[in-house]
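Only one structure is covered here, and it is reproduced in the block below.
The values are calculated or read from the model by the stated rules, or taken from the named source; none is laboratory data. If you're wondering where the values come from, they're calculated on a predicted model, not measured in any experiment. No Cβ is skipped: glycine too gets one built from the backbone with ideal geometry, and neighbour counts run over all protein chains shown. When the accessible area is computed, the model is the full protein with side chains, heavy atoms only, and any ligands, DNA or RNA have been set aside. Shrake-Rupley method; radii C 1.70, N 1.55, O 1.52, S 1.80 Å.
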Amino acid sequence: MKYKNPVLRGMYPDPSMCEANGKFYMVCSTFQYFPGVPVFESEDLINWKQIGHCLTRKSQLLVEKNNTSAGIYAPTIRFNKGRFYMVVTNVDNMGNFYVYTDDIYGEWSEPIKVEQSGIDPSLFFDDDGKVYFISNGNDKEGRGYIQMSEIDIATGKKLSENEPLWYGTGGRFIEAPHMYKFGDYYYLLNAEGGTEYGHMVNYARSKNIKGPYEPCPANPVLTNRNMGGYSLQGAGHGDIVQALDGTWWFCHLAFRQLDLYMPYHHLGRETCMEPVIWEDGWFYIGTPFTKAEKTAYGKVVGTGYNEKQGYGQALLEVECPENHTFAPQNLNFEKTFENTSVKLDWNFICNPDETKYKFSKDSFELCSGDLTIDTLKGSPVFIGIRQSEFNETCKVSCQLKNPGEAGLTAYLDPNHHYDVYLEQRGNDIYAVLKVTIGPASSIKKEVLQKSSKAVLKISASPYGYDFFADEVHLGAADTKYLSSEVAGGFTGVFWGLYAQNGASAKFTDFKAEHKE
């Protein structure tokens, strides 16, 4: 049986997972979006269903005036003695903290802060009952490393000073540490190279939790940095788990670039899944290349290639281990107001003013606040759902109720978004296409409307978006200008509904659709 990567499609980066009571649970980064840190559940590690968020209250997630791509970085989820823990960094407000719950389907606790520097925190529960808090950091000379302290899990109080564990293999931006104990060894996993085209996964092991740590001779055990032109890039930053059937699995982030000669990605960093094998106390991640694949993408030589196995690359289509079964993937979808949930599928930018929104099973009503979607900090009246496929169509009926602007946007950040909207000026109502790329914002076309209501549509392909109002084509724009390579940052495109400049609007008949 084969499955397709990514298994979580659209902006779901920095995955972490654990096993509990025969099922698997995963969390991902959310940056400035609210609510924060989605929680997914799976029985087969291939098909995942969102069941909630860890951070659903302002007291847990203060992202009131965050910059784009700030806020929540790199959560880790762990299960110990019947309790789930999610540890994460809010880079603007609280720093490193964790929350917990005894009911994975319910609410999570108030934050417990840990006074440790660095980002990408992780918890490790040792056999002797001690609990360790692990993050990245920098020494006095500014060199990046992985550090660890013992904490009181009830209070978050540090019981020891930070201790350096490992400086990694020499790649830049050492991050994403996770600690495990398998057999006699402690295994310390990290990511290096930056969460871009040079991203990679490395690890080391020791029989003493404080080291010294011996690097795996096949590092990096996962990277696509030498697969120039391959659609899946940026493989790194992940977590490992053993399935109930004895197979081992690794979840990680990666992104889909447009094509061989178009190194841009706009859907965000996504979550992929790879099988893992063990040999002589070391584990290897990914799928061995066939001879044809090695010829096509170039054989990796020297450090970073395991000559014996040929493992270490992330592929779009993966052969599942024979003794592991999973339900067939269905990548077709149709998202509507009726079959999505405001609490699960939709996100606000920063902490919203909930008085500006009214939701029913078949409509969303939005009323303008003081900010616009061009605002660099704060929460405009906006609610969005992730674009998850290159070929996708999103449409909605928009009824403009009073003067101002309301519509549908392909939104990456305040400086990079494409908007199709209705705008009332005096007694006239126009359908407008506006593109914002960096400091330049331009109206490409506007059409006088006969009504205050129109069906707004964006049709996406890998290379471009086309924009319509009541099936009148208003123009097109390139996807690459909404990519991380152009705009910077760590997020991906959302389909957003918004109201601003005094408008209020009612949105009905929403549909985002993909068919393979």
Please list 3J(HN,Hα) in residue order for region 474-490, calculated via the Karplus relation 6.51 cos²θ - 1.76 cosθ + 1.60 where θ = phi - 60°; whole Hz, with x for glycine and proline.
9, x, 9, 8, 7, 5, 4, 6, 9, 8, 5, 5, 8, 8, x, x, 10
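Please report the net charge: other residues with Cβ closer than 14 Å to the Cβ of G144, K and R +1, D and E -1. Walk me through the numbers before you get to the answer.
Working: positive: K140, R143, R172; negative: D120, D139, E141, E175, E192.
Within the 14 Å Cβ shell, the charges total -2.
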³J(HN,Hα) computed for each position of region 421-432 - Karplus, 6.51 cos²θ - 1.76 cosθ + 1.60, integer Hz, glycine/proline x
8, 9, 9, 9, 10, x, 9, 9, 10, 10, 9, 10
Which value in nm describes the separation of the simple spin-label points at F326 and N339, placed 7 Å from the Cα toward the beta carbon?
2.1 nm
Working from the alpha-carbon coordinates of region 228-286, get Rg over Rh, Rh being the Kirkwood radius.
1.09
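If you place +1 on the Cβ of every Lys and Arg, -1 on the Cβ of every Asp and Glu, and leave all else neutral, what size is the dipole of region 332-485 about its Cα centre, to the nearest 20 Debye?
Details: 17 positive and 22 negative charges, 43 e Å.
Dipole magnitude for region 332-485 comes out near 200 debye.
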Using amide H atoms built 1.01 Å from N in the peptide plane, name the residues 5+ places from I51, or on other chains, whose amide H lies under 5 Å from its own.
V39, F40, E41
Computed over region 1-86: relative contact order in percent, which uses C-alpha pairs under 8 Å that are six or more apart:
30 percent
Through the Karplus equation 6.51 cos²θ - 1.76 cosθ + 1.60, θ set to phi - 60°, convert the phi angles of region 72-86 into ³J(HN,Hα) values in whole Hz; use x for Gly and Pro.
8, 10, 6, x, 10, 10, 9, 10, 8, 6, x, 10, 8, 10, 10
Heads up, region 60-202 by the C-alpha gyration tensor (a ≥ b ≥ c square roots of eigenvalues; a/c under 1.5 rounded, else a/b over b/c prolate, else oblate) looks oblate
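Can you tell me how region 1-101 classifies by the Cα gyration tensor, rounded, prolate or oblate, using a/c under 1.5 as the rounded cut? Could you put the intermediate results ahead of the total?
Values: a/c = 2.48, a/b = 1.44, b/c = 1.72.
Cα axes put region 1-101 in the oblate bin.
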Sequence-distant residues sharing a close amide H with L159 (under 5 Å, placed H)
E150, I151, D152
Largest-first principal axis extents of the Cα set of region 155-214 (Å):
37, 29, 17
Electrostatic dipole magnitude of the chain [Cβ: Lys, Arg +1; Asp, Glu -1; Cα centre; debye, to 20]:
700 debye
Counting only the backbone N, which residues of region 156-199 are under 18 Å from the spot 7 Å out from the Cα of D280 toward its beta-carbon?
184-185
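Can you give the direction-averaged projected area of the convex hull of the alpha-carbon atoms in region 341-435, in nm²? Please list the in-between numbers first.
Numbers: hull surface 27.4 nm².
With every direction weighted equally, the projected area is 6.9 nm².
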Under 5 Å from the placed amide H of G95, counting only residues 5+ away or on other chains, we find N90
Dividing the mean separation of Cα pairs under 8 Å (6+ apart) by the residue count of region 132-205 yields a relative contact order in percent of 23 percent
For region 1-47: rounded, prolate or oblate by the Cα gyration tensor [a/c cutoff 1.5]:
oblate
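All other residues with a Cβ under 15 Å from the Cβ of V201 taken together, and with Lys, Arg as +1 and Asp, Glu as -1, what is their net charge? Please report the intermediate quantities before stating the final value.
Details: positive: R172, R205, R225, R269; negative: D14, D120, E175, E192, E196, D239, E274.
Taking every other residue near V201 into account, the sum is -3.
May I ask you to compute the full-extension gain from S109 to E161, defined as 0.36 nm times their residue separation minus their alpha-carbon distance, rounded to one decimal in nm?
Details: separation 52, 0.36 × 52 = 18.72 nm, distance 2.61 nm.
Here the answer is 16.1 nm.
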Using a 1.4 Å probe on the protein heavy atoms only, what accessible surface does V486 show? Give it in Å² to the nearest 10.
60 Å²
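Please compute the Kirkwood hydrodynamic radius of region 420-510 from all pairs of different C-alpha atoms, in Å with one decimal. Walk me through the numbers on the way to the answer.
Working: mean 1/r = 0.0691 Å⁻¹.
Value: 14.5 Å, from the Cα pair sum.
Averaged over every viewing direction, what's the projected area of the C-alpha convex hull for region 149-274? Give it in nm², one decimal, please.
On the way: hull surface 39.8 nm².
If I average the Cα hull's projected area over directions, I get 10.0 nm².
Roughly what % of Cα-Cα distances in the chain sit above 30 Å, to the whole percent?
Numbers: 63320 of 132870 pairs.
Of all Cα-Cα distances in the chain, 48 percent exceed 30 Å.
Calculate, for region 422-506, the solvent-accessible area per residue in square angstrom, rolling a 1.4 angstrom probe over the heavy atoms of the protein chains.
Working: 3550 Å² over 85 residues.
With the other protein chains kept in place, region 422-506 gives 42 Å² per residue.
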With respect to the cross-link table entries K130/K157; K401/K444; K49/K343; K58/K343, which display a Cα-Cα separation exceeding 18 Å?
K401/K444
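What does the helix-only formula give at 222 nm for the chain: each DSSP H stretch with n ≥ 4 adding -39500 (n - 2.57), the total divided by the residues, and the result rounded to the nearest 500 deg cm²/dmol? Working shown, then result.
Working: 2 runs with 11 residues, N = 516.
Roughly -500 deg cm²/dmol at 222 nm, from the helical runs in the chain.
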Here the convex hull volume per residue of region 375-477, taken over Cα atoms and given in Å³, is 107 Å³
